[in-house]
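Reviewing the structure listed below.
The values are calculated or read from the model by the stated rules, or taken from the named source; none is laboratory data. Note that the structure is predicted; figures quoted are calculated from it, not measured. Cβ atoms come from the backbone with ideal geometry, glycine included; neighbour counts cover every protein chain shown. Protein only, heavy atoms only, side chains kept; ligands, DNA and RNA dropped before computing areas. Shrake-Rupley method; radii C 1.70, N 1.55, O 1.52, S 1.80 Å.
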Amino acid sequence: MLDTAQTGETSTREGAARETLLEVNNIEVIYNHVILVLKGVSLAVPRGGITALLGGNGAGKTTTLKAISNLLHSERGEVTKGTISYRGERVQDLDPAALVKRGVIQVMEGRHCFEHLTVEENLMTGAFTRRDGKAAVQRDLEMVYEYFPRLKERRKSQAGYTSGGEQQMCAIGRALMSRPEMVLLDEPSMGLAPQLVEQIFEIVKAVNEGEGVSFLLAEQNTNVALRYAHYGYILENGRVVMDGPAQALRENPDVKEFYLGMSDEGRKSFRDVRSYRRRKRWLA
Ligand SMILES: Nc1ncnc2c1ncn2[C@@H]1O[C@H](COP(=O)(O)OP(=O)(O)O)[C@@H](O)[C@H]1O
Ligand SMILES: [Mg+2]
């Protein structure tokens, strides 16, 4: 009865159709009634996928994630146009807790842990909405420790005294304790040394493959994000300027030049590169 568009299927690299879990359709976000920040952003996240939302500082990545998880109100922000749906159901009027119940959880930028709690206590706070009993929660704690052996070593340490990498792991681990279907992960690489960034993305990949958790991850670090994601969207100034399978984006000359650091001029924007190319052609 339903055609492909209605069931929201997304084709994958394998050519198979996968269910679209999250669909953001042409949203506009305004802060303080006047500051227009998102100017029509659309994206889709399939079940089981790792989708990257890329773009420089101020592009609108965090705003997009907060719009999805209904966290804009506390920032005096509002979705003024467009729709957000999860598993085909409109979710933009729900409160954040109702979305967590549906299996969508956000790991905020800056890895917020409760500094005065131990690592393990932090992880346990992620399970507070669950009603499936202590044994199940204990099993998931062991599952988190398997993915993050470092957290197991540090489980009795006060989170405030652990390293930046450990705090990021703790924030992701806590999100996993709610048994999510989808994690919205905001700038996991921020402020971390390259080796740690790699470690964290390896764990994201392992959780994606091992537990089937879908990820929408916002990143300025295009290079690492496109090596782990299946699909990417590039945001500039509140608009999606390009999207495609991660491999196609990695090989795209404009992406290479402006986001993968292969130019000596430093990063500009697609708009600049187009006018630059035009000028070059014109002069030649
Ligand atoms: N609470 C807010 N009030 C007003 N403007 C904001 C607020 N939060 C973010 N902005 C603005 O929105 C734009 C996008 O910000 P953000 O979504 O944080 O980008 P990113 O996460 O890509 O760095 C920036 O210009 C930023 O200054
Ligand atoms: Mg941000």
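So the values come out like this:
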{"item": "Surface accessible to a 1.4 Å probe, Met143 within the full protein complex, Å²", "result": "30 Å²"}
{"item": "Dipole in debye (nearest 20) - the range 21-251, about Cα centre, beta carbon charges: Lys, Arg +1; Asp, Glu -1", "result": "340 debye"}
{"item": "Cleavage-rule hits, GluC sites (Glu not before Pro), the range 114-156, DSSP coil, Cβ neighbours within 10 Å at most 13", "result": "Glu115"}
{"item": "Cross-link partners of Lys39 among lysines (Cα-Cα below 18 Å; sequence separation of 8 or more within a chain)", "result": "Lys61, Lys66, Lys81"}
{"item": "Computed log₁₀ I(q)/I(0) - Debye formula, equal Cα scatterers, no solvent, the chain, q 0.10, 0.11, 0.15 Å⁻¹", "result": "-0.55, -0.66, -1.19"}
{"item": "Per residue solvent-accessible surface (Å²) - the range 21-251, probe of 1.4 Å", "result": "44 Å²"}
{"item": "Straight-distance crosslink candidates among aspartates and glutamates, where the alpha carbon sits under 15 Å from Lys134 and sequence neighbours closer than 8 are dropped", "result": "Glu120, Glu121, Glu142"}
{"item": "Rounded to 5, the percent of DSSP beta bridges in the chain classed as antiparallel", "result": "60 percent"}
{"item": "Helix 164-176 vs. the chain, principal-axis angle (Cα, 0 to 90°, nearest 10)", "result": "80 degrees"}
{"item": "Nearest-10 value in Å² for the accessible area of Ser163, using the 1.4 Å probe", "result": "50 Å²"}
{"item": "Surface share of carbon and sulfur [accessible, 1.4 angstrom probe, percent] for the chain", "result": "49 percent"}
{"item": "Proximal aspartates and glutamates to Lys101, defined as alpha-carbon separation beneath 12 angstrom and excluding residues fewer than eight positions away on the same chain", "result": "Glu181"}
